[in-house]
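Asks: One structure, pasted below without further comment.
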């Protein structure tokens with residue numbers, strides 16, 4: 001792989017003989033075909049070449065060795081070498097077809113399609129480009145003949161290999177990673193020992209595609225690999241000379257040896273540490289009990305990164321943002337790898353948060369219930385190392401959108417998240433989150449919620465990358481007012497009735513209320529009455545307002561509430577009734593009819609102001625209510641004879657208080673005496689020695705008992721119901737008088753016709 005100086009001198013002389021025409025200052029070659037240079041120097045893959053543009057030599061051509069069909073090769077320039085020229089590159093087939101074109105950076109690779117031999121042509125970008133440049137040709141698919149001396153290390157162990165780049169060794173090295181010698185997840189790094197930083201990438205030998213590459217300005221990358229494939233690690237050095245320590249570390253779950261970490265409540269103290277060298281890594285182990293959900297995050301500057309690996313070897317979270325675990329039905333262990341990502345000598349501190357945000361299906365008590373953010377709300381306080389989070393639970397809807405403006409410490413480092421906690425109820429799945437990490441940023445519920453129905457969500461504010469104590473203030477503003485999913489509404493009011501002329505507190509139920517709302521009572525033909533809002537419940541579903549009803553007309557009033565945020569109005573028609581004063585009796589009620597036993601009497605209600613529309617009655621004896629006697633008429637029973645009868649009349653009118661007044665009392669007299677409609681008769685043979693009886697006749701009203709008076713020639717001889725006649729009675733006149741008795745009534749009397757005793 002090294003470049004031998006003597007061979008380099010001969011090869012360079014041959015290259016300088018080759019030239020093709022180019023358009024000065026033109027773009028990269030884009031034609032489907034291009035002229036084939038007359039002479040190309042045979043190139044060796046895995047070799048670096050020192051080349052030069054002059055005023056007369058404007059291009060060079062390298063002839064690639066024969067390779068299998070569809071092989072992939074890389075045409076690279078040195079890493080981090082801005083002082084060198086960057087040529088325009090074209091790869092040609094044997095018939096001059098252009099199959100790849102671009103510039104000579106380390107990302108330039110080409111799949112050799114078509115028929116060879118294949119040529120790489122490097123052309124000066126424009127007419128003023130002169131001076132040296134470097135190229136390296138590297139086979140990316142198949143066996144590239146790479147070194148095999150870069151071992152796979154472990155987190156926490158000193159491993160790796162110093163790789164040098166200079167004029168003697170060239171600027172490209174590759175290391176074989178055949179199946180069986182690599183893991184399925186590796187942390188690959190290249191730490192500067194001397195000189196400038198290197199570039200590197202891992203390629204799949206079967207396809208030549210990149211499995212992973214140095215990310216941006218960082219010098220370490222997490223690489224996921226297929227256990228059944230062979231790979232190559234290609235490292236491109238800078239120019240001039242440099243040395244880097246290249247390291248591969250196994251980060252699969254079984255390969256990690258980790259320090260146990262105890263979780264804390266939401267916002268609790270972090271596990272702190274610092275990383276000194278590029279690729280330094282630490283591993284922490286956290287067990288999440290079944291039914292729980294943790295939020296884990298790394299607080300550090302951009303110099304540190306982390307990943308989580310579950311005990312089923314799945315990569316759960318990667319990078320620097322906080323993530324939440326899945327709710328499992330069994331205990332789940334996570335191994336958290338933290339590493340230094342930037343190539344610098346200064347130690348980079350970090351704090352690792354492992355917060356229990358859900359315990360056995362219940363949110364942390366640190367997440368306080370809050371009213372829906374109808375328009376805007378402000379969260380403020382002080383973060384400390386012992387209390388590093390602010391959490392509120394509120395109602396959001398699927399189309400809600402919020403802006404969060406954060407002020408405190410370094411506002412760009414504050415972090416806020418919008419979580420949908422109802423994902424927690426199930427046994428699997430992540431929390432859906434929308435992150436907000438700028439001074440003014442947006443969190444939107446759209447895409448978080450699976451349907452249109454309002455549901456609970458969490459706004460979580462954290463210090464971001466910051467440590468220490470500092471005050472914060474975050475204003476959450478609803479951009480789709482009103483947020484929370486509730487349409488402005490009034491669904492009920494209590495109390496339902498209130499006497500006129502009083503001051504009363506009304507309680508409205510509904511949705512999306514705010515303390516700045518207005519409330520009015522309205523009624524046709526009457527001036528509106530304004531109420532003063534006194535309070536709004538935390539869920540904004542209840543509002544209380546005081547209203548003065550002095551002068552309010554009796555009757556049903558409608559309640560209208562108006563939103564201060566949206567100016568929407570909600571009216572509940574006629575749910576609230578103002579009750580007028582009592583009805584007043586202007587002429588006393590009375591009883592009509594004969595007040596005696598057996599008589600049916602009627603209550604006369606009298607006259608009331610204002611006029612009553614209905615009446616109620618309660619009859620009483622000696623001032624005590626008679627059970628069941630509530631009709632306008634009443635038939636006086638015998639039991640009331642001699643008692644004082646009265647009736648209380650209750651006058652009613654809608655929207656007025658009822659009035660009540662009793663009649664004067666009257667003593668109940670005897671009922672009328674029973675009267676015979678058919679006279680009594682003597683029955684039997686009226687002769688001496690015989691017994692005669694009486695037939696009482698027919699009476700009305702029906703007696704309850706009878707008494708008898710037998711007379712002989714007018715003289716009372718018996719009070720029995722039958723009489724035995726004697727010889728002494730012969731020839732005399734016999735009569736019987738029946739006395740009809742009825743309870744509470746006078747006695748009735750009737751006498752039979754006289755009969756002569758034989």
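The values are calculated or read from the model by the stated rules, or taken from the named source; none is laboratory data. Bear in mind the structure is a predicted one, so any value in this text is a computation, not a measurement. Ideal geometry is used to build each Cβ from the backbone, glycine not excepted, and the neighbour counts take in all protein chains shown.
Conditions tested, residue by residue: (1) surrounded by fewer than 16 Cβ atoms within 10 Å (Cβ to Cβ); (2) in the same structural domain as residue 213 (by TED's automatic domain parsing); (3) under 53 Å from the mean Cα position of the chain (by Cα); (4) in a loop (DSSP other than H, G, I, E, B).
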site: 62; (1), (2), (3), (4): no, no, no, no
site: 74; (1), (2), (3), (4): no, no, yes, no
site: 84; (1), (2), (3), (4): no, no, no, yes
site: 99; (1), (2), (3), (4): yes, no, no, no
site: 102; (1), (2), (3), (4): no, no, yes, no
site: 110; (1), (2), (3), (4): no, no, yes, no
site: 132; (1), (2), (3), (4): yes, no, no, no
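Yes/no matrix, rows are residues, columns are (1) modelled with pLDDT of 75 or more; (2) assigned to a strand (DSSP E or B); (3) under 18 Å from residue 574 (Cα atoms); (4) not assigned by TED's automatic domain parsing to the domain that holds residue 387:
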position: 434; (1), (2), (3), (4): no, yes, no, no
position: 461; (1), (2), (3), (4): yes, yes, no, no
position: 468; (1), (2), (3), (4): yes, no, no, no
position: 471; (1), (2), (3), (4): yes, yes, no, no
position: 507; (1), (2), (3), (4): yes, yes, yes, yes
position: 516; (1), (2), (3), (4): yes, no, no, yes
position: 535; (1), (2), (3), (4): yes, yes, no, yes
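Asks: Evaluate region 163-177: report whether one residue or more is without any contact (Cβ under 8 Å) to a residue 12 or more places away in the chain, over 19 Å from residue 214 (Cβ atoms) and surrounded by 15 or more Cβ atoms within 10 Å (Cβ to Cβ).
Replies: no
Asks: If only one of 678, 664 is closer than 30 Å to residue 602 by Cα and loosely packed, with under 15 Cβ neighbours inside 10 Å, which one is it?
Replies: It is 664.
Asks: Okay, moving on. Which of (1) part of a strand (DSSP E or B); (2) outside the structural domain of residue 662 (by TED's automatic domain parsing) does residue 591 not meet, given it meets every other one?
Replies: All conditions are met except number (2).
Asks: In region 287-304, which residue that is without any contact (Cβ under 8 Å) to a residue 60 or more places away in the chain and more than 29 Å from the chain's Cα centre (by Cα) is nearest to residue 270 (Cα to Cα)?
Replies: Residue satisfying both the conditions and the ranking: 304.
Asks: Regarding region 216-233, can at least one residue be identified that is surrounded by fewer than 17 Cβ atoms within 10 Å (Cβ to Cβ), under 48 Å from the mean Cα position of the chain (by Cα) and without any contact (Cβ under 8 Å) to a residue 12 or more places away in the chain?
Replies: Yes, some residue in region 216-233 is surrounded by fewer than 17 Cβ atoms within 10 Å (Cβ to Cβ), under 48 Å from the mean Cα position of the chain (by Cα) and without any contact (Cβ under 8 Å) to a residue 12 or more places away in the chain.
Asks: Find the strands (runs of 3 or more DSSP E) located wholly in region 332-382 whose residues include 2 or more that are free of Cβ contacts under 8 Å to residues at least 60 places away in the same chain, and list them.
Replies: 332-340
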